[in-house]
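Contents: one structure, followed by commentary.
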Amino acid sequence: QIEDMAVMDMTAVRGKSHLTPLMARNHLRTLWSNEKESLLRIFPFLKPDVSCSEGSTPIDVFFMDTVSVPPNRFRPLRHMNGRQFEAEQTAALSQIIMNSDILDVAFRQAKQLNRSSLPSDASTPSTSSATDRSKDVAKFHMCWQKLQLQVNRLYDSDMDRLPDNKATGVKQILEKKEGLFRKHMMGKRVNYAARSVISPDPYIMVDEIGIPMVFATKLSYPQPVNDHNINQLRQMIINGPDIYPGALSVVYENKRVIRLKADDVVFRKNLADRLIVPKHGFRDNNIRVVNRHLLSGDALLLNRQPTLHKPSIMAHKARVLPREKTLRLHYANCKCYNADFDGDEMNAHFPQSELARAEAYNIASVNFQYLVPKDGTPLSGLIQDHIISGVWITIRGQFFKKGDFQELLYGALSFLNKPLKLVPPAIIKPERLWSGKQIITTIIMNIVPENKPMPTLSIATKLNPKILQRSRARQWTAGGTPLQLTDMCESQVIIRKGELLCGVIDKVNLGPNPYGLIHCCYELYGGPVSSALLTSFARLCTNYLQIHRGFTLGIYDILVDQMPNEKRNKFIKRAKKMGRKAAAEAMGLQENDDKELLIDKLKSAHTNTNDFYMKQLDQCMKGQTDEINNKITEVCLPSGLISKFPYNNLQMMIQAGAKGGSVNAIQISCLLGQIELEGRRVPLMMSGRSLPSFKPYETDPRAGGFVAQRFMTGIRPQEFFFHCMAGREGLIDTAVKTSRSGYLQRCLIKHLEGLVVNYDMTVRDSEGSVVQLLYGEDGLDILKSQMLKEKCGICVELSAQSVVMSSTSGQTSAQIVGVSFGIISKDEIKKLSVLNVETWKTFDELSHPREGGLCDSAFGPAKRDEMCATCGLSEFDCCGHYGHINLSLPVFNPFLIKQLFQVLKMCCFECHHLLFSPTDLEIKIAQMEALSRGLDIILEDLQAFGSSLTTDNIGLDAISIRLYVRQKLKEKIDEEYNKRFTKSVKNGLNVKNIVEKQQMVYKEFLTGKLLKPNKKCLQCAALKNSLTVLNNALIIMNESKSKASKKIIGAEQIEDMAVMDMTAVR
């Protein structure tokens, strides 16, 4: 397209011309001198305080005559078949230099030909010379446009749609999912990782993860060689990659890596014999490294998607299990990862440095992630069968013989490498017996550190004391007050100096509950002690269930006794008659009124657009059914069951908190109750039926979704359909909430991830702006303040003092204080530059980087074993240096070409003023100023006020009207600001609303909505020019016929350009 345009004789095109960057820049500079104050108020990014070179203005940001050259490390050389090639970004820069040189030559030729073709005795050139000049002009403009295209493609290869072979632009390198940010910084594929299905293992430690042998032989750690491990590493080298524990490779001092072969034992032995300890110990940078197999005790980072909170990634110690094929996870960590064992998969990441291992052991470990950062509540805890076992072990009347007692203790505390402390038996005669509570006491005594005092706690359990009471309280035989409901009851856990005296260990003490036994031990003794306590309790409960007592659920646990069952049937029969009573009450009738009248009332209420009567019917019916539901539940549960607690396994699960709730027991043994959809009864069809099997407007509660049957004896097809309707609603609701809450959480995290608590106790964002003066407004750490209560009388005094980091040597090192994005000027580019690249050739005749070229070592090392010519550092230490390219002629700034096009449309090319009406311009600028001061509710008032000022001052000239309107609008804004924002009271600002209105006003400027529909300038009465942008590289100006002869591109324009000292640009 550009070549065709260049071939055309532009002098033959009437009324059209190219708006070159030079013409546009000269026009905007004049516009800046005329409308400087207005432009500053419209475009805040035009900063007048920026230092500009002589002859330039801040509005020159729309143009570019200097291109920066990035360091070599961002344009690495490519190697293939023993040859090296330049990167595609380097090739694009080389094309820019070449086109700039060609443009310089074309410019000089056109200027020289224009001067030489003019005869000395005539003012009009010949026809042949005019043709030659027009061709040179076309060639010159073609080169200029091609340079514009090359600069555009360097930064954004999608700016034009021409079918050329284009390099990847800077925008394409950064943007979208395949860009540098999302692919390599926000998340990426990594090495030294494993993924597999997870399986439960209650016998490993809570902070351990079971690793299959296939993972342990593939994952490696770079182990430095020293005096302490050299013999072990030699044996690992001899074992090789297939024999565990072995090694995969060896790294020499010169970074050379040698992989160990499984079938070459002699080579491995020779390699092990040559392995020596480095002379300078750990401080030597050239130390040898052995990439050994993963060993038990190594730190691994475990992660399960979705990663919704901090405990979704925790550090575990590896436990290599030779016969396993999956990752083995302890039950206590299921809640942290939201994991179950129905096919879930998890990722394991192997840290590769001592610093990463130290952070894993001491910060990210499971031992130190017991509390969730959200609210400080516990996350880790035992579940389900372990809770059942804990209740059975500690319930009153549970005793163990010596062998069983020691067997359970050994299974629970086998990981302790020290002699165990034992307690004397609770019963000596006729046989030595230990109670289950003494097993818990012994575990606490051995887990708590020796230099720490034993815990003294009083904790209420989940068990209801009423179900533990077998008979009524009676008077003491020797006198005294009778026992109250909670006195000496198993529903209250009492621990004195580490000894469990009363109560059962249920979900409150074993599970993830606040202020339970595990939580208290975590606060008193730390994370390792609480994890060890969880591990020992899990092993104890597992061994007890496997050896001493199983757990199952049978039909005997859900059967209701005969007498309560008969009462239940009576209540159900009575419920059938309650439907008519509830319907009559809702419709405002008596119970004995005619049935046909009731049906008519129901029909009119159903067809009425007002849903009031149907809601009233649902409320009345629900009140009747809830009463029946409560009576049946009270009769049947739990006293009506044949098997009573604690021997009823279903009630044991529910009361101890192991699994299920009272609703499950009610639906199994009593009734399902009223089925609800979106908080209402089952809706009616157009026929007045809820299902085809019911009569129209039937008043029986069963027709409205009341299920009087139970799962134990079965439900009818209609009731099953109602039940499925409620189930489907729950599934849909869960699916919808998952997607919405996930997206909401992602948005919140992406906006809040830059917040950091600084050393002065303030919360700041990535720009250093203060968000909170104290974290959480009180400066308390959620994870460390759970035990602070008002009744404790602890007074915490907070002082916010800045921590000043000073250097003892007197020297300061450079630090990165922030990262900002923006457009820098050519003076700043040249200030950062270390080299002006003038040659487009990258390599010399020997294929080495050419000195002064785009791969010069001044930009940083271009290949390995090369030192930087600027700073003298190696490729690992040098971060690179920038250069620059001077263009022969300026081009449009690719980042602002659309904004430039809008600015050119809103100004006159004759008088160099804005085309807006003076009054409209001042009103819009005043609105932007009001928004910047928080006055978002007076925009319409300013519009009306400014328009009224116009009609009062028709006799003034444009400049006087503008100054007058500006002064009045400023007074109006100051008055409103003083009225709404006093010193004592400030109304809350809707920041989002203000930003949206600012964008709306700014968009009105750019889209030209304020321009008057007439075709003439309001200042000079000149006709407006229409502009067209082609491929973001060429601006075509359509003019009127009267001015076309002055604006047509020809040799005269080249001569005008020659007046400027263009040689100074090169």
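The values are calculated or read from the model by the stated rules, or taken from the named source; none is laboratory data. The model shown is predicted, which means the values in this text are computed figures rather than measured ones. Because the Cβ atoms are built from the backbone with ideal geometry, glycine has one as well, and the counts that use them run over all protein chains shown.
Restricting attention to segment 492-516, report how many residues are assigned to a strand (DSSP E or B) and among the β-branched types (Val, Ile, Thr).
The first filter runs over segment 492-516 and keeps only residues assigned to a strand (DSSP E or B), leaving 492-496, 499-502.
Adding the requirement that they be among the β-branched types (Val, Ile, Thr) leaves 493-495.
Residues that pass the stated criteria total 3.
When residue 761 is tested against the conditions (1) crowded, with 17+ Cβ neighbours inside 10 Å; (2) aliphatic (A, V, I, L, M); (3) over 27 Å from the mean Cα position of the chain (by Cα), the lone failure is (3). The single condition among (1) within 26 Å of residue 565 (Cα to Cα); (2) touching an Asp or Glu at 6+ places or on another chain (Cβ under 9 Å); (3) free of Cβ contacts under 8 Å to residues at least 24 places away in the same chain that residue 709 does not meet is (3).
Which residue out of 204, 230, 198, 238 is free of Cβ contacts under 8 Å to residues at least 40 places away in the same chain and of a type outside the set (D, E, K, R)? I'd like the intermediate steps shown before the answer.
On the way: 204 fails: free of Cβ contacts under 8 Å to residues at least 40 places away in the same chain; 230 fails: free of Cβ contacts under 8 Å to residues at least 40 places away in the same chain; 198 fails: free of Cβ contacts under 8 Å to residues at least 40 places away in the same chain.
Just one listed residue meets the conditions, 238.
State whether the residues of segment 968-988 include one that is under 25 Å from residue 904 (Cα atoms), modelled with pLDDT of 75 or more and part of a helix (DSSP H, G or I). No, there is no match, as no residue in segment 968-988 is under 25 Å from residue 904 (Cα atoms), modelled with pLDDT of 75 or more and part of a helix (DSSP H, G or I).
What do you reckon, is residue 521 surrounded by 14 or more Cβ atoms within 10 Å (Cβ to Cβ) and more than 25 Å from residue 654 (Cα to Cα)? Don't jump to the end; show me each part of the working.
Working: surrounded by 14 or more Cβ atoms within 10 Å (Cβ to Cβ): yes; more than 25 Å from residue 654 (Cα to Cα): yes.
Yes: the conditions hold for residue 521.
Residue 392 meets all of the listed conditions (1) out of contact with any Phe, Trp or Tyr (no Cβ under 9 Å at 6 or more places or on another chain); (2) assigned by TED's automatic domain parsing to the domain that holds residue 428; (3) of a type outside the set (Ser, Thr, Tyr) but one, namely (1). Of the candidates 892, 916, the single residue that is at pLDDT below 80, in contact with a Phe, Trp or Tyr (Cβ under 9 Å, 6 or more places away or on another chain) and closer than 30 Å to residue 25 by Cβ is 916. When restricted to residues that are among the aliphatic types (A, V, I, L, M) and more than 30 Å from residue 659 (Cα to Cα), segment 538-595 contains 8. Among the conditions (1) at pLDDT 90 or above; (2) part of a helix (DSSP H, G or I), the only one that residue 292 does not satisfy is (2). Can you tell me how many residues in segment 634-650 are under 13 Å from residue 565 (Cα atoms), out of contact with any Lys or Arg (no Cβ under 8 Å at 6 or more places or on another chain) and in a helix (DSSP H, G or I)? The number of residues fulfilling the criteria is 1. If you go through segment 843-861 and keep only what is in contact with an Asp or Glu (Cβ under 8 Å, 6 or more places away or on another chain) and of a type in the set (Gly, Ala, Ser), you end up with 852, 857, 860. Looking across 567, 601, one residue alone is touching a helix residue (DSSP H, G or I) at 6+ places or on another chain (Cβ under 6 Å), more than 25 Å from residue 637 (Cα to Cα) and basic (Lys, Arg). It is 601.
The single condition from (1) more than 23 Å from residue 102 (Cβ to Cβ); (2) touching a helix residue (DSSP H, G or I) at 6+ places or on another chain (Cβ under 8 Å); (3) at pLDDT below 85 that residue 869 fails is (3). What pairs can you find where one residue is in segment 301-328 and in a strand (DSSP E or B), the other is charged (D, E, K, R), and their Cβ atoms are less than 7 Å apart, with a gap of 6+ or different chains? Final answer for the pair search is 316/207; 316/208; 317/207; 317/208; 318/298; 319/208; 321/328; 328/201. Against the test of being farther than 24 Å from residue 380 by Cβ, surrounded by fewer than 17 Cβ atoms within 10 Å (Cβ to Cβ), modelled with pLDDT of 85 or more and not β-branched (Val, Ile, Thr), the options 485, 501, 433 yield a single qualifying residue, 501. Could you check residue 409 against (1) over 23 Å from residue 491 (Cα atoms); (2) in contact with a strand residue (DSSP E or B) (Cβ under 8 Å, 6 or more places away or on another chain); (3) buried (at least 21 other Cβ atoms within 10 Å of the Cβ) and say which number it fails? If we test residue 409 against (1) over 23 Å from residue 491 (Cα atoms); (2) in contact with a strand residue (DSSP E or B) (Cβ under 8 Å, 6 or more places away or on another chain); (3) buried (at least 21 other Cβ atoms within 10 Å of the Cβ), just (2) comes out false.
Here is a yes/no grid of residues against (1) of a type outside the set (A, V, I, L, M, F, W, C); (2) touching a strand residue (DSSP E or B) at 6+ places or on another chain (Cβ under 8 Å):
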| site | (1), (2) |
| --- | --- |
| 304 | yes, yes |
| 320 | no, yes |
| 327 | no, yes |
| 373 | yes, no |
| 377 | yes, yes |
